[in-house]
Amino acid sequence: MGFNRPMKYFVCLLHVLLLFFPILTYSQDKDFVLVLDAGHGGKDPGAVGRISKEKDITLSVTRMLGELVQKNMKNVKVVYTRKTDVFVPLEQRAVIANNNNADLFISIHVNAAKNKTAYGAETYTLGLAKTQANLDVAMAENAVILLEDDYQTKYLGFDPNSIDSYIMFEFMMDAYLDNSITFATHVQNQLVGSAKRFDRGVRQAGFWVLHRSACSSVLIELGFISNYNEELYLASTNGQREMAQAIYSAFVKYKNSHDKKLGYVNNDAIHDATQQSGPSSASVDQPVVVEATTTLVLEEDDDIITVEQKPVFKLQITASTKELSPTNVNFKGLKELSCYREGGYYKYTVGASSKYEDIDKLRVELKKRFPDAFIVAFLGDKKIPVDEARKVAK
């Protein structure tokens, strides 16, 4: 005996629901997997300062960050590569991320340099090191594999001390690079704005752990342990809380954008900017809103882009705690020199164009003179991430 018409409709509807239910469940209920990697550990101390070790600073900041995420973001699964002072091989850190199907991998480190006056924070994504300074950082962090048995076989002949080994990164196509750069920009903005770190920029270099992690990934250098004044901050509980808070705020911004692209609203860590008073220990559970470096989110209704609001690209060549004279020898022959204040520093730029390509051409022309110069973007008086400015400019 056949079904009557209402029963047929019910059966068809049931089939449709059963067909799409796994997809609906995945898009709405799947936890976002965040893997937190505290650099070094155990027999590997990392960089060593006068009063502290890199492995202890990174572990403390990583655990503070993880606690903030777990407390405030119920749909995020936090996975640690280590939660205690143990040695974890570099390859194993990436394996942990891949086995947990990570959506984002954050590796936290502390820098060191022969120049004891070097200071500031920088955030890396995977790529070919464009300068010797970037290569030096990658070599220092990759050198941990030398502590492992049979590392030549395990790491496919990769030698962290050989420049030739880093050529491989020039030919890698990283499918996660755009998202990695976006998150790295959020991190750098927050470290500079809320944690008041000196801005050394978003950079690229050949880090093995980022190469092997099949997800968006960044490596954060919180500051220089070789600079005693900065080491005092890095080793302090208050400093570690501020840095963890800054990275957390960047993650909230990134995660909210991630959720919006999937088509649903994330109610985790929603905050009222009017209630934020700054990065104090009393408000450590809430993201810090940094007005000077607020990211322009194109999808939000209150950010309507008009024809007059085209971004302007500039080439940042240097920064100083003191205002420099336009006649300074470093500025000789430069055109369209300008300066803006951010994080207590005078930052100097050259060039100004609504076309990214024009400033990128200028960057190439001035590469020998300013090897660490990088492109910045402004919308009116507000500094915005370059990747978002390029979207507006198109």
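Points worth noting:
- Per the conditions (1) exposed (fewer than 15 other Cβ atoms within 10 Å of the Cβ); (2) part of a strand (DSSP E or B), the sole criterion not satisfied by ILE108 is (1).
- Every residue from the stretch 343-394 that is exposed (fewer than 15 other Cβ atoms within 10 Å of the Cβ) and β-branched (Val, Ile, Thr): VAL364
- Residues of the stretch 225-253 that turn out to be surrounded by fewer than 20 Cβ atoms within 10 Å (Cβ to Cβ) and either in contact with a His (Cβ under 8 Å, 6 or more places away or on another chain) or hydroxyl-bearing (Ser, Thr, Tyr) (or both), as a count: 4
- Flag set for VAL78, criterion: at pLDDT 95 or above and among the hydrophobic types (A, V, I, L, M, F, W, C).
- Enumeration of residues in the stretch 212-253 that are among the small types (Gly, Ala, Ser) and in contact with a Leu (Cβ under 6 Å, 6 or more places away or on another chain): SER216, SER217, GLY223, ALA244, ALA246
- Residue identified as more than 30 Å from ALA113 (Cα to Cα) and either in the same structural domain as GLN92 (by TED's automatic domain parsing) or modelled with pLDDT under 90 (or both) among PRO311, PRO279: PRO311
- Any hit, the stretch 215-223, residues being of a type in the set (Ser, Thr, Tyr), farther than 24 Å from TYR346 by Cβ and surrounded by 24 or more Cβ atoms within 10 Å (Cβ to Cβ): yes
- Residue in the stretch 46-56 that is part of a strand (DSSP E or B) and either surrounded by fewer than 21 Cβ atoms within 10 Å (Cβ to Cβ) or aliphatic (A, V, I, L, M) (or both) present: yes
- So LYS335, is it assigned to a strand (DSSP E or B) and modelled with pLDDT under 85: no
The values are calculated or read from the model by the stated rules, or taken from the named source; none is laboratory data. Since this is a predicted model, take the numbers as computed values, not measurements. Counting neighbours? That spans all protein chains shown, and the Cβs are built from the backbone with ideal geometry, glycine included.
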